[in-house]
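Shown next, in structure tokens, is the structure this report addresses.
The values are calculated or read from the model by the stated rules, or taken from the named source; none is laboratory data. All values reported here derive from a predicted model rather than from experimental measurement. Because the Cβ atoms are built from the backbone with ideal geometry, glycine has one as well, and the counts that use them run over all protein chains shown. Accessible surface is based on the protein model in full, side chains and every heavy atom, while ligands, DNA and RNA are left aside. Shrake-Rupley method; radii C 1.70, N 1.55, O 1.52, S 1.80 Å.
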Amino acid sequence: MKQETPTTQLTVKTLLNLVQHFVGFVYRRVRLVGSERAPKIEVQVEPHAQSQPRCGHCRQACPGYDRLAERRWAFVPLWAIPVVYVYAPRRVECRVHGVVVEHLPWSDGKRPYTQAMMAFLARWARRLSWRETARVFGTSWEAVYRSVEWCVEWGLAHRELNGVEAIGLDEIHWGKGRRGANFLTVIYQIDAHCL
């Protein structure tokens with residue numbers, strides 16, 4: 001594999017900052033790793049020197065406690081090359097929640113994918129089959145399934161029902177047979193501004 005050049009490193013680092021910037025964190029090092037047949041872009045994330053870690057539950061600034069082992073999260077591919085975030089999370093000592101892992105703005109719990117990657121996969125899963133989405137982006141069917149599940153949960157938690165005056169109801173048959181389990185009920189808003 002070719003040696004990375006400062007120009008390439010600067011370009012990718014600048015691109016990542018434009019794509020997604022996280023307050024309190026910096027991209028310390030971006031490098032191309034792996035073989036020519038299977039390259040990966042590895043992004044070393046570090047806390048900003050002036051930032052204080054935040055509790056993973058209440059998001060209040062807390063004193064640091066220690067660091068955990070380095071973890072990796074899959075990010076949205078750039079130029080069809082997989083991107084991986086590498087970071088050793090800090091634990092904090094919160095007055096309310098005790099010793100917990102800091103808030104990581106790109107992560108949701110212990111999932112090995114960034115929130116951006118889960119949204120990316122779920123969006124593509126609307127156009128392609130889940131199997132094809134997994135194949136095209138070099139991940140598993142289960143990763144696509146979990147990404148869609150995460151987006152649905154996020155949407156349900158953040159939905160706004162104010163101003164709904166008219167709804168539509170429909171049933172969609174799927175699978176074989178006429179059993180009741182083979183029908184899905186779809187409820188949707190049909191107000192004039194939604195059509």
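Quick one, can you get me the convex hull of the C-alpha atoms of segment 30-84 expressed as volume per residue in Å³?
117 Å³
For TRP79, TRP130, TRP141, give the ranking by accessible area with the largest first, probe 1.4 Å.
Descending accessible area places them as TRP79, TRP141, TRP130.
From the Cα trace of the chain, what convex hull volume per residue do you get, rounded to a whole Å³?
Normalising the Cα hull of the chain by residue number yields 196 Å³.
Per residue, how much accessible area does the chain have with a 1.4 Å probe, in Å²?
Value for the chain: 69 Å² per residue.
Just to check, using Stokes-Einstein with a Kirkwood Rh over alpha carbon pairs, what's the diffusion coefficient of segment 133-195 at 37 °C and 0.692 mPa s in µm²/s?
Diffusion coefficient, whole number: 220 µm²/s.
Whole-Hz ³J(HN,Hα) for each residue in segment 156-162, computed from phi via Karplus 6.51 cos²θ - 1.76 cosθ + 1.60 with θ = phi - 60°, x for glycine and proline: what do you get?
5, 6, 10, 6, 10, 9, 5
Could you tell me which GluC sites (Glu not before Pro) in segment 119-195 are loop residues by DSSP with no more than 13 other beta carbons within 10 angstrom of their beta carbon?
The qualifying sites are GLU160, GLU165.
Of LEU184, LEU121, which has the most accessible area and how do the rest follow, probe 1.4 Å?
Result, largest first: LEU184, LEU121.
Exposed loop sites here are trypsin sites (Lys or Arg not before Pro) in DSSP loop states with at most 15 other C-beta atoms within 10 Å. What is the longest stretch of the chain lacking them?
That would be 60-94.
Rounded to the nearest 10 degrees, what's the angle between the helix 6-19 long axis and the longest principal axis of the chain, both from Cα atoms, 0 to 90?
40 degrees
Assuming 1.002 mPa s and 20 °C, estimate D for segment 68-156 with Stokes-Einstein, Rh taken as the Kirkwood radius over Cα pairs, in µm²/s.
Result for D is 152 µm²/s.
Below 8 Å between Cα atoms, with a sequence gap of 6+, how large is the relative contact order for segment 8-159 in percent?
Answer for segment 8-159 is 16 percent.
In segment 49-195, carbon and sulfur make up what percent of the accessible area (probe 1.4 Å)?
Looking at segment 49-195 in its full context, I get 53 percent from C and S.
Please state, as a whole number in µm²/s, the translational diffusion coefficient that the Stokes-Einstein equation yields for segment 97-143 at 4 °C and 1.567 mPa s, with Rh defined as the Kirkwood radius across alpha carbon pairs.
In µm²/s, the coefficient rounds to 108.
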